[in-house]
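What follows is a short report on a single structure.
The values are calculated or read from the model by the stated rules, or taken from the named source; none is laboratory data. Here the structure is a predicted model, which means the values were calculated and not measured. Methodologically, a virtual Cβ is constructed for each residue, glycine included, from the backbone with ideal geometry; neighbour enumeration extends over all protein chains shown. Calculation scope for accessible area: heavy atoms of the full protein, side chains included, ligands and nucleic acids excluded. Shrake-Rupley method; radii C 1.70, N 1.55, O 1.52, S 1.80 Å.
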Amino acid sequence: MNAIAPPLRQSPLRAISLHVVLLLSMTLPMLILYTIGALGPLLIADLGIEPGWLGYVTMSAFGVAAVLSLAAGPLVERLGSRRGLWMLFFSVALAYGLLITLPGFAGIIAAVAVCGVAQALSNPVTNQLIAQRIPPARKAFAVGLKQSGVQLGALIAGGLLPLIAVSFGWRAAMATVIPVALLLACLAPSLAPPPSPAGPRRSWLPSRPGKLLLNLMAVQGCAGVTLSAFVTFLPVFATQQGVSQHDAGLMVAVFGVMGFTSRLTLTSLSSKLKDESWLLLGLMALTALALWVTQQASPESHWRLWFGVLVVGLTAVATNAVAMGMLLRYSVFGAPATASGLLSAAFFGGFAMGAPLFGALATTFSGFSVAWSALAIVALAGAVAALGLALLRRRSAS
């Protein structure tokens, strides 16, 4: 088992390199979500599939990630951060390699499932690495920075990949990820400490989560449903309202910028609060409001789409960073790697269910209207779960 030693002093260059690796450890595994959303119209046209099928692509990756996350924490604790980083980046390279070589829609489903391995490892590996290498005073910033890597993926997918895809095809755009992932697989592990001598063997499965962690998992499950559906189908919904492919991709990029900003600022802010649960409640309630406004969009009111992009990017996206910061701040949630694995299982489970359920609702006679309404209700359920967490924490503190 890889024990958590006190953080060591590092040179400025090594410290910067470590923060870059933390950032990209979250960017590359989650990039697939935003890539499918931003390039969705191109995939639909090239493969001849229905728009709702995009939800099954998302479900493939995050369904695998949700299941594997249950054992990812204990696995990382056994193997150590060094081997965990290598597995993470190599599985990203393998997934994108399969993505551009396997034929048809079934090939895409199989390829993105491999990316679920990297997604399951991302939070346990990075949280353990922060516990091992980052001084306590810098932990909140490190968590916010690495969680904002997810939104950096949205910026890349919405701003860069469509430009490549329009000129050279969507497979060429996705191929650009492979050399980056392979380079990181070779270099990143050197920044992690070597595995400690093996201790007592523990179960591959984590212990049963307590009530506090269960409530936090419920908040993250609702956030996962909301985010996966929103990012996957917003470009398709926007193009139906007369938005161009370029502007639909730009919406994903702006969403990434908002999420990047909110995760950096709100994670540091939340570490100064007495109870972050109330912040989570407010963020999920604002998300529900933004989804309701997005639902009202029409060819004459594109501003409602942009309102949804800005507000959901600033609110729902930040909840995962705030939640991960809570795991590192309070030992009551459990060991960092194991607790983050469980939290990731809930978050990825929401991701796996959100897009296909939204797609199924969007194909009913009511179309996108009922789907957006259902998504707003899920966000409100996340706010209720955050309220339950706040009341539990108040009760346990008294």
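Which of the numbered conditions does Leu145 fail, given that it passes all the others? Conditions: (1) open to solvent by less than 40 Å² (accessible area, probe 1.4 Å); (2) within 17 Å of Arg263 (Cα to Cα); (3) out of contact with any His (no Cβ under 7 Å at 6 or more places or on another chain).
(3)
Listed residues Ala321, Ala316, Ala337; which is open to solvent by less than 10 Å² (accessible area, probe 1.4 Å), at pLDDT 80 or above, farther than 30 Å from Ser298 by Cβ and not acidic (Asp, Glu)?
Ala321
Across the stretch 61-75, which residue is farthest from Ala229 (Cα to Cα) among those that are small (Gly, Ala, Ser) and crowded, with 24+ Cβ neighbours inside 10 Å?
Only one residue fits best here, namely Gly73.
Taking interchain pairs and intrachain pairs at least six residues apart, which have beta carbon atoms under 7 angstrom, with the first residue in the stretch 184-195 and in contact (Cβ under 8 Å) with a residue 40 or more places away in the chain and open to solvent by less than 20 Å² (accessible area, probe 1.4 Å) and the second of a type in the set (Phe, Trp, Tyr) and not in a loop (DSSP other than H, G, I, E, B)?
These pairs meet every condition: Ala185/Trp86; Ala185/Phe89; Ala185/Phe90; Ala188/Phe89; Pro189/Trp86.
Among the candidates Ser331, Ser271, single out the residue that is closer than 30 Å to Arg133 by Cβ, in contact with a Lys or Arg (Cβ under 8 Å, 6 or more places away or on another chain) and among the hydroxyl-bearing types (Ser, Thr, Tyr).
Ser271
Does the stretch 76-86 contain any residue that is at pLDDT 85 or above, surrounded by fewer than 21 Cβ atoms within 10 Å (Cβ to Cβ), in a helix (DSSP H, G or I) and of a type in the set (Phe, Trp, Tyr)?
We begin by selecting, within the stretch 76-86, every residue at pLDDT 85 or above; these are 82-86.
Those left that are additionally surrounded by fewer than 21 Cβ atoms within 10 Å (Cβ to Cβ): 82-83, 86.
Narrowing the set further to residues that are in a helix (DSSP H, G or I) leaves 82-83, 86.
From what is left, the residues that are of a type in the set (Phe, Trp, Tyr) are 86.
Yes, because at least one residue in the stretch 76-86 is at pLDDT 85 or above, surrounded by fewer than 21 Cβ atoms within 10 Å (Cβ to Cβ), in a helix (DSSP H, G or I) and of a type in the set (Phe, Trp, Tyr).
If you scan the stretch 235-267, which residues turn out to be at pLDDT below 80, touching a Pro at 6+ places or on another chain (Cβ under 7 Å) and among the polar types (S, T, N, Q)?
Gln245 - this is the single residue of the stretch 235-267 that is at pLDDT below 80, touching a Pro at 6+ places or on another chain (Cβ under 7 Å) and among the polar types (S, T, N, Q).
Name every residue in the stretch 100-154 that is outside any helix (DSSP H, G or I) and without any contact (Cβ under 8 Å) to a residue 24 or more places away in the chain, in order of residue number. Explain how you work it out, then say what you get.
Filtering the stretch 100-154 for residues outside any helix (DSSP H, G or I) gives 102-103, 134-135.
Answer for the stretch 100-154, where residues must be outside any helix (DSSP H, G or I) and without any contact (Cβ under 8 Å) to a residue 24 or more places away in the chain: Leu102, Pro103.
Just checking, does the stretch 91-106 include any residue being of a type in the set (Val, Ile, Thr) and open to solvent by 40 Å² or more (accessible area, probe 1.4 Å)?
yes
From the list Thr267, Thr226, Thr239, Thr232, which residue is open to solvent by less than 10 Å² (accessible area, probe 1.4 Å), hydroxyl-bearing (Ser, Thr, Tyr) and either more than 30 Å from Tyr330 (Cβ to Cβ) or not in a helix (DSSP H, G or I) (or both)?
None of the others qualify; the one that does is Thr232.
Can you tell me how many residues within the stretch 363-385 are in a helix (DSSP H, G or I) and open to solvent by less than 20 Å² (accessible area, probe 1.4 Å)? Quick ask: steps written out before the conclusion?
Filtering the stretch 363-385 for residues in a helix (DSSP H, G or I) gives 368-385.
Cutting the leftovers down to open to solvent by less than 20 Å² (accessible area, probe 1.4 Å) gives us 371-372, 375-376, 379, 382-383, 385.
Final tally of qualifying residues: 8.
Here is a yes/no grid of residues against (1) of a type in the set (A, V, I, L, M, F, W, C); (2) open to solvent by less than 10 Å² (accessible area, probe 1.4 Å):
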site	(1), (2)
Ser271	no, no
Ser277	no, yes
Leu281	yes, no
Ala285	yes, no
